[in-house]
Amino acid sequence: MPSLKDLKNRISSVKSTQKITSAMKMVAAAKLRRAQDQALASRPYTSLMDKIVSKISSKASGTSIDLLTGKPENKTQLLVVFSADRGLCGGFNGSITRSVKKEINDLQKNNVNVKLLMVGKKSADSLNREYGNLFIDKIEGKSAKPNYADAEVLATKIIDLFENGDFGVCRVIYNKFVSAIAQEVTFKSLIPAEIQINEENQDNASIYDFEPSEEEILTDLLPRNLATQLFSSQIESTASELAARMTAMDNATRNAGEMIDKLTLQYNRTRQAVITSELIEIISGAEAL
């Protein structure tokens, strides 16, 4: 049975932890608002970029632009994985890691080679032991500060690898922000670009003539679209990370409060038992005299 001093020290320790988790919750909540607004504001632009690429590509029938079609003959697939550089954010990193593992196993069963480009430290560390030989690169320190310039550098790196024949298909995996308590693991094709083919696109595209040609426009537009999709994925991942951390720290603060209540009750009962024991000893000694 723990002594009164042990219980008092433990209560003090839990209270200190509660202060830390409460502060982390408030910091995450303050940052989340801005990240959430940024994620929601980026979606119309990203969606419009997809529609533009889809419309122009539907007009450019039979185009041979590699970024639009990929390289089906190349049986290697690149997975760009966005995770966090820090922990203490609930199941955020774990959900990404599990999804990546499942995807790797499924692709390898279908005789598809896999390469990984990791953006964020936590999932990279979790996957390193089992799949470290698949890593092309590991980028750290960028998860908390999405920047379009970094997305452009990453897009250029991916395009260079693609043109060198290192892979034929590229997809990005990230947590899409849904709400403060929900994030959704999302897969999106980067190469080949996702094309939304429907009758509306074809009808609208048929009434336009493009100058310069559709192929020239796509040659310039597709690298920008790739950078835009990567930047959007990073923004969504950052907002999801902050939401997951805020929720996790809120739960930790509540659990610490419950533990403090239980330890305080145990401390009071133990203290009362010690006092009662001392009184019994005093009374028994007095009666013996």
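Residues of region 208-250 that are in a loop (DSSP other than H, G, I, E, B) and touching a residue at least 40 places away in the same chain (Cβ under 8 Å): Tyr208, Phe210, Ser213. The residue of region 15-28 that is nearest to Lys145 (Cα to Cα), among those that are of a type outside the set (S, T, N, Q) and buried (at least 17 other Cβ atoms within 10 Å of the Cβ), is Ala28.
Counting the residues of region 3-28 that are touching a helix residue (DSSP H, G or I) at 6+ places or on another chain (Cβ under 7 Å) and either at pLDDT below 90 or β-branched (Val, Ile, Thr) (or both) gives 7.
Residue-by-condition table, conditions (1) assigned to a helix (DSSP H, G or I); (2) of a type in the set (A, V, I, L, M):
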site	(1), (2)
Ser22	yes, no
Ala28	yes, yes
Ser42	yes, no
Asn111	no, no
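Note down all Cβ pairs under 8 Å where the first residue falls in region 66-83 and is in contact (Cβ under 8 Å) with a residue 24 or more places away in the chain, the second is buried (at least 22 other Cβ atoms within 10 Å of the Cβ) and among the basic types (Lys, Arg), and they're at least six residues apart or on different chains. So the pair list comes out as Ser83/Lys122. Of all residues in region 87-106, none satisfies being within 14 Å of Cys170 (Cα to Cα), touching a residue at least 12 places away in the same chain (Cβ under 8 Å) and small (Gly, Ala, Ser). Out of Lys71, Lys138, one residue alone is surrounded by 14 or more Cβ atoms within 10 Å (Cβ to Cβ) and assigned to a loop (DSSP other than H, G, I, E, B). It is Lys71.
Per-residue answers, yes or no, for (1) surrounded by 14 or more Cβ atoms within 10 Å (Cβ to Cβ); (2) within 30 Å of Lys25 (Cα to Cα):
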site	(1), (2)
Ala39	yes, yes
Tyr45	no, no
Ile65	yes, no
Leu79	yes, no
Asp85	yes, yes
Asn93	yes, yes
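The residues of region 2-58 that are of a type in the set (Val, Ile, Thr), without any contact (Cβ under 8 Å) to a residue 12 or more places away in the chain and farther than 19 Å from Ser179 by Cα amount to a single one, Ile20. Restricting attention to region 174-225 and to residues that are within 32 Å of the chain's Cα centre (by Cα) and among the small types (Gly, Ala, Ser), the residue that is modelled with the highest pLDDT turns out to be Ser189.
For region 74-98, the set of residues classified as among the β-branched types (Val, Ile, Thr) and outside any helix (DSSP H, G or I) consists of Thr76, Val80, Val81, listed by residue number. Filtering region 158-192 to residues that are farther than 24 Å from Gly94 by Cα and touching a residue at least 24 places away in the same chain (Cβ under 8 Å) leaves Ile158, Ile159, Leu161, Phe162, Glu163, Gly165, Asp166, Phe167, Gly168, Val169, Ile191, Pro192. Can you tell me which residue is surrounded by the most Cβ atoms within 10 Å (Cβ to Cβ) among those in region 152-189 that are of a type in the set (Asp, Glu) and within 24 Å of Asp66 (Cβ to Cβ)? Checked region 152-189; the qualifying residue surrounded by the most Cβ atoms within 10 Å (Cβ to Cβ) is Glu152.
The values are calculated or read from the model by the stated rules, or taken from the named source; none is laboratory data. Keep in mind it's a predicted model, so treat the numbers as computed, not measured. When we count neighbours, we look across all protein chains shown, and the Cβ atoms used for this are built from the backbone with ideal geometry, even at glycine.
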